[in-house]
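Inspection log for the structure reproduced underneath, given as structure tokens.
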Amino acid sequence: MEFDAFTAGVSLGGLRSKNDIKLLICYMLFSVGQPLSKDEVLSALQEKGLANYFEINDAFSDLLSNGNIQPDENNSSKFVITEAGKLIATQLDSALPISVREKALEATLSLL
């Protein structure tokens, strides 16, 4: 597996691939089923040491510019997953280790 992401602050078993980080953000938004702010996503992933702060920000920006996520209609500081993002989340979620998926959801739900 090719590692192309910064690893500072990432725990053992955390994500070291930019595409995996994007996938995890899509998975989180899809699984939680409600809008999340960028800060909530950052907090959840950093709390569990799943990804580097700067890589999360880059992934979030890429997903937004590619139309995989978008601002929520009712609250522009929160984001929702688009149909394109849902496709990514459902087709590729098994590419992420189950432990990573569980930690991300646990941290996100505790924030909410």
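The values are calculated or read from the model by the stated rules, or taken from the named source; none is laboratory data. These figures come from a predicted structure and were not determined experimentally. Note that each Cβ is placed from the backbone with ideal geometry, even for glycine, and that neighbours are counted across all protein chains shown. What goes into the accessible areas is simple: the full protein's heavy atoms, side chains included, and nothing from ligands, DNA or RNA. Shrake-Rupley method; radii C 1.70, N 1.55, O 1.52, S 1.80 Å.
If you check ILE69 against the conditions, is it touching a Cys at 6+ places or on another chain (Cβ under 8 Å), open to solvent by less than 40 Å² (accessible area, probe 1.4 Å) and under 17 Å from LYS38 (Cβ atoms)?
Judged against the criteria, ILE69 is a match.
Please work out if GLU40 is acidic (Asp, Glu), surrounded by 17 or more Cβ atoms within 10 Å (Cβ to Cβ), under 12 Å from ILE21 (Cβ atoms) and in contact (Cβ under 8 Å) with a residue 24 or more places away in the chain.
When the stated conditions are applied, GLU40 does not pass them.
Answer yes if at least one residue in segment 51-71 is among the β-branched types (Val, Ile, Thr), assigned to a loop (DSSP other than H, G, I, E, B) and out of contact with any Asp or Glu (no Cβ under 9 Å at 6 or more places or on another chain), and no otherwise.
no
Restricting to segment 72-112, what's the tally of residues that are more than 11 Å from PHE30 (Cβ to Cβ), in contact with a strand residue (DSSP E or B) (Cβ under 6 Å, 6 or more places away or on another chain) and not polar (S, T, N, Q)?
3
Would you pick out the residues in segment 89-109 that are in contact with a Lys or Arg (Cβ under 8 Å, 6 or more places away or on another chain) and open to solvent by less than 60 Å² (accessible area, probe 1.4 Å)?
Matches in segment 89-109: ASP93, ALA104, ALA107.
What do you reckon, is VAL32 among the aliphatic types (A, V, I, L, M), at pLDDT below 95, out of contact with any Lys or Arg (no Cβ under 9 Å at 6 or more places or on another chain) and over 16 Å from LYS18 (Cβ atoms)?
In short, yes.
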